[in-house]
Each structure stands twice: as C-alpha cells, then as structure tokens.
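First the structure, in the form of structure tokens, and then the observations on it.
The values are calculated or read from the model by the stated rules, or taken from the named source; none is laboratory data. The shown structure was predicted, so the numbers you read here are calculated from the model rather than taken from an experiment. Because the Cβ atoms are built from the backbone with ideal geometry, glycine has one as well, and the counts that use them run over all protein chains shown. Ligands, DNA and RNA are excluded from the accessible area calculation, which covers all protein heavy atoms including side chains. Shrake-Rupley method; radii C 1.70, N 1.55, O 1.52, S 1.80 Å.
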Amino acid sequence: MNPYQQWQQGGAAPSIFGALPSLPATNPPSAMPNSVTFTFNNFKTTILNSTIVGPQNRTVYRVVTESAAPACTIFKDNESRNVAMVQWQPHATVEIRGAAAKQRVRDWLRLSSDQSRRVMEFQGVKYAWAPMEGFICLYKVQTAAPKVLARVARIPNAVMLDITQEAMQAGMLEPCLVATVMLCAGHNID
C-alpha cells in the first residue's frame, strides 16, 4: 500500500508526493517533547513560495520559486543566503549546502519497495519518512526501537515541522525543511 494515497486535498487524485490532510482548527497538534517547531506559512499558492517561521515567531528561512523561473525553487536563510535548491526540470534534482550533493530527488527521497515510506540518507545513516497517526514522521531506519526525530503535519493555512533537539544537533534541520517541501509540494519527485 502506498502511504501517501490516504492524504488527499480537496478530493484531488491520490498522491505519492505527500499531500497532507488538514487537522481541525480546534485541535492543532501539540509539539513533541524536546522539539522545535517550524511553520511554513504565507503561501503564495503553494508551499513552494512560503515563509518558514521558527522559535519566537521569527522568520528563519524563505522558500522561493520565481514566476519567471518556475523550474527552480531556492531555500534562503534569514540573511538571504541560498542554502538549498531544487531544479524541477527535466528531472527533479536537489542540492543542500553542506548536507547533500546535487542528486535526483527520487534518489535522495527514495520510495521503498513496498511503497510504505521514503528513505533519505544523511551522513551515511538511513532515515525514513512514513505516515504515523496523521503525521509524516522521520525515524532512523536500522534501529531496534525507532523513535520519531521529526514530523510534518498540515494545519489550517500552513504546514508544521516539529524536529527534535537530537536531530537539530545532528545538522538535520535543513534536510528536514527541504524534505517537508518535497513531501508537500505536489510535484512529481520520481
């Protein structure tokens, strides 16, 4: 079964790209223990043009897809430095400064053979993004007791990423931010 088929928006066709359902406004998700929450908001039609707000409601990153160059999405930090780039054509590629050399998105977020998760490698360790209790959760693949290191949820008018201090200290913030956009953008990443 494809885990992403259960997440549809507005009756759209099922998507393996990670379209998440919205959680009820009256019941927003609570933050995970020992985690930091980042919210993608100020959408200009999609998450591909959004502002990423972190602790103290500060803008920490921007996701920019220029209308003149829609084939390229750039992630900028709060000092307008490029930290990641996705080129959508002819085949989607991703590059994250200091974390991932340029490669095809389908290789960076590889769909597992049983289509139950997307596997991402970071610093030689394999992690998986998989649906769990209304979230897309990140956990280390080869461990006896997997623990959630990050999770993504669609909330009204925004997308939320909770990431643990452990994952932040390991340098996974920017890869998790980019993966969040890839899983929620609705683009073909395979």
Of the residues that make up the stretch 101-109, is at least one touching a residue at least 24 places away in the same chain (Cβ under 8 Å), of a type in the set (D, E, K, R), in a loop (DSSP other than H, G, I, E, B) and open to solvent by 40 Å² or more (accessible area, probe 1.4 Å)?
-> no
Note on Ala130: of the conditions (1) touching a helix residue (DSSP H, G or I) at 6+ places or on another chain (Cβ under 8 Å); (2) within 24 Å of Val60 (Cα to Cα), unmet is (2)
Conditions (1) under 18 Å from Gly54 (Cα atoms); (2) in contact with a Ser or Thr (Cβ under 9 Å, 6 or more places away or on another chain); (3) exposed (fewer than 14 other Cβ atoms within 10 Å of the Cβ); number of the one not met by Met168 = (3)
Given (1) in contact with a Phe, Trp or Tyr (Cβ under 8 Å, 6 or more places away or on another chain); (2) under 23 Å from Ile74 (Cβ atoms); (3) of a type outside the set (S, T, N, Q), number of the condition Arg151 does not satisfy | (2)
Residues Pro175, Pro131: which one is in contact (Cβ under 8 Å) with a residue 60 or more places away in the chain and in contact with a Pro (Cβ under 8 Å, 6 or more places away or on another chain)?
-> Pro131
When the residues of the stretch 58-89 are filtered to those that are loosely packed, with under 13 Cβ neighbours inside 10 Å and of a type in the set (Asp, Glu), which remaining residue is farthest from the chain's Cα centre (by Cα)?
-> Glu79
Output for the stretch 133-152, where each listed residue is of a type outside the set (Phe, Trp, Tyr) and surrounded by 13 or more Cβ atoms within 10 Å (Cβ to Cβ) = Gly134, Ile136, Cys137, Leu138, Lys140, Val141, Pro146, Val148, Leu149, Ala150, Arg151, Val152
Top-ranked residue in the stretch 90-100 [being of a type outside the set (Val, Ile, Thr), closer than 24 Å to Gly186 by Cβ and touching a residue at least 24 places away in the same chain (Cβ under 8 Å); ranked as surrounded by the most Cβ atoms within 10 Å (Cβ to Cβ)] = Ala92
Checking Arg151 against (1) within 24 Å of Pro33 (Cβ to Cβ); (2) without any contact (Cβ under 8 Å) to a residue 24 or more places away in the chain; (3) part of a strand (DSSP E or B), which single condition isn't satisfied?
-> (2)
Residue match in the stretch 36-45 (condition: out of contact with any Lys or Arg (no Cβ under 9 Å at 6 or more places or on another chain), at pLDDT 90 or above and farther than 16 Å from Leu173 by Cα) = yes
